[in-house]
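J.: Please see the structure below; I have some questions.
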Amino acid sequence: MTTNEEFGNTVDQLISLEARVPVLAQNVLKPLMDAARNLVGKRSVTMAAADGLVNRLKKGDVLFIITGAGTKETLDLFGNYHP
């Protein structure tokens with residue numbers, strides 16, 4: 001059976017995969033993920049975030065999870081950069 005921490009490690013690996021697109025920076029996410037893991041005691045960043053949410057949210061609270069990626073240079077390619 002998979003433990004929560006093993007599941008979290010798998011999710012960490014999935015969310016830190018880098019697209020191999022020439023216009024995007026490479027070798028950025030691994031150092032960021034390593035730094036994040038160091039901040040949460042070398043455990044899964046996903047599980048640390050989940051634990052934080054469980055400990056802070058109450059029944060009826062609203063939570064927004066917003067994702068996104070890009071830089072001015074890459075977003076400009078598609079006309080989506082609006083500071």
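J.: Taking R0 as 25 Å, what FRET efficiency do you get between D61 and A36 from their Cβ-Cβ distance, rounded to the nearest 0.05?
T.: So, using R0 = 25 Å, E works out to roughly 0.55.
J.: Take the Cα radius of gyration of the range 1-67 and divide it by 2.2 N^0.38 Å, with N its residue count; two decimals is plenty.
T.: 1.32
J.: Would you tally the net charge around R43, using a Cβ to Cβ cut-off of less than 12 Å, leaving R43 out, and scoring K and R as +1, D and E as -1?
T.: Around R43, the charge tally is -2.
Read the figures in this text as sums done on the coordinates, not as results from a lab. Since the structure is predicted, the reported quantities are computational estimates derived from the model, not experimental observations. Please note: Cβ atoms are built from the backbone with ideal geometry, for glycine as well, and neighbour counts cover all protein chains shown.
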